[in-house]
Each structure stands twice: as C-alpha cells, then as structure tokens.
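First the structure, in the form of structure tokens, and then the observations on it.
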Amino acid sequence: MSDVAGTFLSDESGIRGEADRIVFVNSKEEIARIFADGGHWTIQGAQTGISGAAVPNGGGICNCSKWSGVLQTGMLEETYFIDVLPGTTLQELKKAIPRGWFFPVDPTEDSATIGGMFATNAAGPCAFYYGRMSDWVLESDVFFPSFGWMTVKRGECLFSVQGEVHLPDGACLKTEPVPDERYIEQLLPKAGMDLLELLAGSEGMLGVLGRIRLRLERQFQERWSIVCFFDGDKNAFAFSDGIGKLFEKNPDCHLLALDFLGEKSIANYRKYAGEITAYRDIPELSKDFSAVMAEFSSNEPQVIEELIGDLFAWIEECGGSDENTWAADTEEEREKIRKFRHAVSACINEKITENRSRCPAVTKLSVDAACGSRKPQDMFDCLEQMVKAAEHAVIIHMGTGIFHIDFFAKTQKEWRQAMEIRERIFDLFTEPGGTIAAENGVGKGKRSCLQRMISPGQKNTAEQVKGFFDRERQCNPGNGVCYRSVYK
C-alpha cells in the first residue's frame with residue numbers, strides 16, 4: 001500500500017478524483033485481503049477509459065495494471081483459447097496469439113488492459129462484424145465482495161424469464177424482470193443473458209476480474225484495409241450508404257468495419273498529427289477531407305479481387321479518386337491505416353488536453369450514442385444543426401450506428417454551453433429507440449444524464465444486482481446507474 005500519485009486520480013476523461021491509498025495487486029489472495037480489511041475501492045487498469053469509470057471517488061485504489069501475463073493457450077472444441085491476467089495489455093495479447101489466429105476486439109488502443117476492456121465491454125470498429133468483448137470471453141475468475149472468488153463459465157449461469165440466476169456456489173440472485181425497451185443495459189439482466197454478459201460493461205461495480213479466458217478467431221486468407229477521402233461529409237455518406245450493395249453482390253467477402261470520420265475530425269487530425277512523432281510515418285493529407293475507413297476479408301482471393309474493382313469504381317462515382325485512397329493488404333500496411341484511425345481519435349484527445357491545460361475546468365465532454373432506427377446520415381444532419389454553435393468533431397461506426405461526438409470547449413463558459421447542448425443530444429438519440437450508453441461505458445461522466453432517463457424500476461433492478469454481488473458497496477463508488485453507491 002502506498003501514497004497516491006496524481007496520475008492515478010484521473011483517466012482519459014479528464015475527470016479528477018481523490019483517494020487516500022493505492023494498492024498494486026498481483027494475486028487473488030491480495031485482492032481478497034484488501035476487501036476483507038474494508039473500505040471502498042476503485043478498480044483500475046491502464047486508465048485508458050474516457051467515461052471516468054477508473055477515477056476514484058474517495059477510499060482506496062485497487063490497481064490491476066501490474067497483474068499481467070499470458071498463462072496458457074490451447075484448443076477447446078476446435079476453438080483456440082488464451083488465458084490472460086487482467087492487467088495484460090492488448091498489445092501483449094496480440095504478441096502471444098498463435099499464427100493463423102487473432103483476437104477480433106480492437107478498440108484501437110493497444111495499451112488498454114484486457115480486464116478494462118471486459119469491464120467496459122469494449123467494441124471498436126470491427127464490432128459491426130465481430131461483436132463486443134462479451135462475445136469473446138469464455139470464462140473468468142471473478143472476486144465478488146459478497147461471496148469471494150468464483151469461476152464463471154459461459155453457459156453455466158443464465159438468467160431465467162423470472163430474472164433469476166444461480167451462481168457456481170449455488171447462491172441465487174432474484175431480480176424483477178426488466179422491459180426490453182430501455183436506454184441502457186448496464187446491470188440490467190434479461191431472460192437468457194449469461195452472467196458473463198452482465199459482468200461485461202459493469203465497470204468494476206460488481207467485483208474484480210482475475211484470469212480471463214478469451215476465444216480466438218481464425219484469420220481470413222485475405223484481409224484488406226482502405227481509407228477513402230472525399231470532399232465533404234455528403235460524399236462520404238453517399239459512399240458509406242452504397243458500399244453494402246457491393247458486399248451483397250460478393251457474399252464470399254465480409255465487411256468487418258465501416259467508420260465515417262467527419263471533416264472536422266480530419267481537420268483536427270491535420271492540426272496535431274504532425275507534432276506527434278508516432279504519427280510521422282502516416283502520409284500527409286493535402287486538405288481537410290471527410291474520410292471513410294473500411295476493412296473487409298475473404299477466403300477467396302479471386303472474389304476479393306473482383307470486389308476491389310467494384311469498390312474503386314464506387315469511390316470514383318462518389319467523388320473520390322485513386323490518388324485520395326489508401327489501400328493495404330499486408331499486415332505492415334494495414335497497421336499504418338490502423339494507426340491513422342487511432343490517430344484521428346488520439347488527436348481529438350490531444351486538443352481536449354491542450355484546452356484543459358489552459359482551463360482546468362474543461363474536462364472531456366463527449367457523447368457515445370447509437371441512433372437506433374434512424375439512418376446515420378439523417379441523425380448526423382440533425383446533430384450538426386444542433387451543435388453548430390459549438391466546436392466539435394464526429395466519428396461514426398456506420399455498421400452499428402454508433403456516434404462518437406467530442407466537444408472542444410476552451411473556456412468554462414463554452415464548456416457549460418456544450419453541456420447544455422449535450423443534454424439535447426441525449427434527448428435526440430433516445431427518441432428513435434437509440435441509446436446513450438452505446439460504447440465506452442457510463443462511468444461518472446454520464447451518470448447525471450442517465451439518472452433522469454432510466455425508469456425507477458430499472459434503477460431498482462440495477463440496485464438489486466449491485467447489492468447482491470457487493471453487499472457492502474465497496475466496489476467503484478460513484479459509477480454508473482447505482483446512485484446510492486455514491487459516497488461523496
């Protein structure tokens with residue numbers, strides 16, 4: 001146990017908390033001991049989250065970043081698996097994966113820990129095809145403060161229609177059934193849900209993760225990444241809307257990711273990327289384009305060759321060109337495109353950090369929301385009208401309809417104005433059956449908005465779940481939908 005350095009009092013959200021002690025855990029026994037000693041604990045990984053889930057709200061910090069390592073790999077019913085400790089980074093995981101296999105969940109942040117990715121139910125650009133973190137966890141050792149350590153295996157702990165689930169030790173959680181139509185899923189079980197799926201996205205509110213067993217996926221023979229640059233957002237949307245027809249024509253090819261990078265996001269990238277050494281090998285852009293990044297794969301080389309011909313014809317029809325298109329079919333070249341995609345998001349954070357250095361009251365102010373039944377372009381047009389008075393940037397996962405909106409407030413007055421706009425954005429996204437907790441978690445950054453949007457019944461169910469697994473409410477005070485777990 002040691003004093004808390006300032007670097008552990010915040011995460012990428014810019015929200016700052018306080019704590020009176022920090023423990024860098026590296027064993028099951030140590031976790032059990034600190035919880036037995038009592039007090040409130042905020043669970044941390046690499047602090048790469050952007051919603052404030054790892055920001056302490058008093059009490060101690062249980063930091064798992066040093067509890068890392070790959071334990072074993074093997075085959076299980078024709079599926080390759082890999083066991084890792086929670087502090088293992090995505091980069092370390094990738095290096096340990098056997099040739100011919102890969103882990104599909106990639107939030108474009110290699111320094112993220114696997115425990116943190118599971119706790120926030122990370123997704124990333126390829127969630128359109130591969131799903132989220134919850135889809136790739138086979139089992140996990142979990143410390144529940146109310147029960148101690150358990151191994152939760154997929155398929156063994158399922159919620160019934162009556163809202164009940166039996167734990168491995170026989171304990172039974174009984175909750176009120178939750179309606180299907182709801183704004184969020186955090187801590188809200190439904191019939192047939194696996195307990196692992198409830199843990200995914202619980203943001204450390206139910207316990208501490210230990211060993212995590214991940215399912216791996218076979219590599220396709222052919223995998224391509226492409227970034228198409230267009231003059232204006234309208235052309236980029238036109239390209240995105242029509243690309244699906246190309247894959248319908250070529251069913252042996254699979255569209256894995258489709259991201260819209262708005263003109264304001266690219267403009268911000270151009271401003272900062274040249275100043276960051278890690279991005280200097282990315283080709284320079286001549287102007288503030290809009291961009292679409294796509295990834296696609298196939299086990300049929302001839303078929304994918306035909307698709308690429310159709311794809312470049314569609315790019316030209318939408319106002320793009322070969323000159324303003326990057327394409328890659330090797331791991332080395334795909335990594336450059338992946339780096340560019342990460343750089344666009346990283347430069348958004350760079351600008352927010354710069355603004356915060358001048359005005360500490362300016363924290364990261366973002367929206368991660370899914371547009372439900374409305375078309376992404378229609379939602380984007382409404383959004384742009386709503387936020388035109390505030391400097392901002394937009395990135396959209398087109399396949400899943402998930403919007404990432406960041407505000408660039410430079411003063412406390414601008415930050416308050418952006419806060420008011422964000423409230424209206426939340427209303428906009430929930431009207432057509434969307435959700436405002438689509439990605440990156442709830443943490444402490446979205447609590448106030450969720451509090452007025454979810455029903456009393458939903459709050460009560462979430463509290464039941466929280467109280468069952470964490471009777472003394474020791475884990476992650478202040479996070480998510482469990483408002484009575486706020487101690488400050």
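The values are calculated or read from the model by the stated rules, or taken from the named source; none is laboratory data. Please read all numbers here as calculations on a predicted model, not as lab measurements. Positions of Cβ are backbone-derived with ideal geometry, glycine not excepted, and every protein chain shown enters the neighbour counts. Heavy atoms of the whole protein, side chains included, go into the accessibility calculation; ligands, DNA and RNA do not. Shrake-Rupley method; radii C 1.70, N 1.55, O 1.52, S 1.80 Å.
Details
- The requirement of being farther than 26 Å from residue 400 by Cβ and either in contact with a Phe, Trp or Tyr (Cβ under 7 Å, 6 or more places away or on another chain) or in a helix (DSSP H, G or I) (or both) is fulfilled somewhere in segment 254-271, by at least one residue.
- Selection over segment 337-353 of residues that are surrounded by fewer than 18 Cβ atoms within 10 Å (Cβ to Cβ) and either in contact with a strand residue (DSSP E or B) (Cβ under 6 Å, 6 or more places away or on another chain) or of a type in the set (Lys, Arg) (or both) gives a count of 1.
- Test result for residue 429, at pLDDT 70 or above, aromatic (Phe, Trp, Tyr) and under 19 Å from the mean Cα position of the chain (by Cα): yes
- Residues satisfying the stated conditions in segment 285-316, i.e. touching a residue at least 60 places away in the same chain (Cβ under 8 Å) and not in a helix (DSSP H, G or I): 289, 290, 291, 292, 293, 294, 295, 296, 297, 298, 299, 300
- Strands (runs of 3 or more DSSP E) wholly inside segment 1-109 that include at least 2 residues being buried (at least 21 other Cβ atoms within 10 Å of the Cβ): 41-44, 60-63, 79-84
Yes/no matrix, rows are residues, columns are (1) in a loop (DSSP other than H, G, I, E, B); (2) open to solvent by 50 Å² or more (accessible area, probe 1.4 Å); (3) hydroxyl-bearing (Ser, Thr, Tyr); (4) closer than 28 Å to residue 196 by Cβ:
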residue: 381; (1), (2), (3), (4): no, yes, no, no
residue: 396; (1), (2), (3), (4): no, no, no, no
residue: 400; (1), (2), (3), (4): yes, yes, yes, yes
residue: 410; (1), (2), (3), (4): yes, yes, no, no
residue: 416; (1), (2), (3), (4): no, yes, no, no
residue: 427; (1), (2), (3), (4): no, yes, no, no
residue: 441; (1), (2), (3), (4): yes, no, no, yes
residue: 459; (1), (2), (3), (4): no, yes, no, yes
residue: 462; (1), (2), (3), (4): no, no, no, yes
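- Taking each residue of segment 327-339 that is on the phi < 0 side of the Ramachandran plot and outside any strand (DSSP E or B) and looking for partners that are buried (at least 18 other Cβ atoms within 10 Å of the Cβ) and aromatic (Phe, Trp, Tyr) with beta-carbon atoms closer than 6 Å, six or more apart or interchain, yields 329/224.
- Within segment 113-132, being within 19 Å of residue 26 (Cα to Cα), open to solvent by less than 10 Å² (accessible area, probe 1.4 Å) and aliphatic (A, V, I, L, M) holds for 114, 117.
- Among the candidates 193, 205, the residue that is under 21 Å from the mean Cα position of the chain (by Cα), in contact (Cβ under 8 Å) with a residue 60 or more places away in the chain and farther than 24 Å from residue 398 by Cα is uniquely 205.
- Candidates are the residues of segment 216-245 that are more than 26 Å from the chain's Cα centre (by Cα) and acidic (Asp, Glu); the one that is least open to solvent (accessible area, probe 1.4 Å) is 222.
- Single residue of segment 252-269 satisfying the filter (over 19 Å from residue 398 (Cα atoms) and in contact with a helix residue (DSSP H, G or I) (Cβ under 9 Å, 6 or more places away or on another chain)) that is most open to solvent (accessible area, probe 1.4 Å): 252
- Residue that is farthest from residue 329 (Cα to Cα) [pool: residues in segment 218-233 that are touching a Gly at 6+ places or on another chain (Cβ under 9 Å) and not in a loop (DSSP other than H, G, I, E, B)]: 233
- One residue alone among 455, 448 is modelled with pLDDT under 75, hydroxyl-bearing (Ser, Thr, Tyr) and surrounded by fewer than 18 Cβ atoms within 10 Å (Cβ to Cβ), and that residue is 448.
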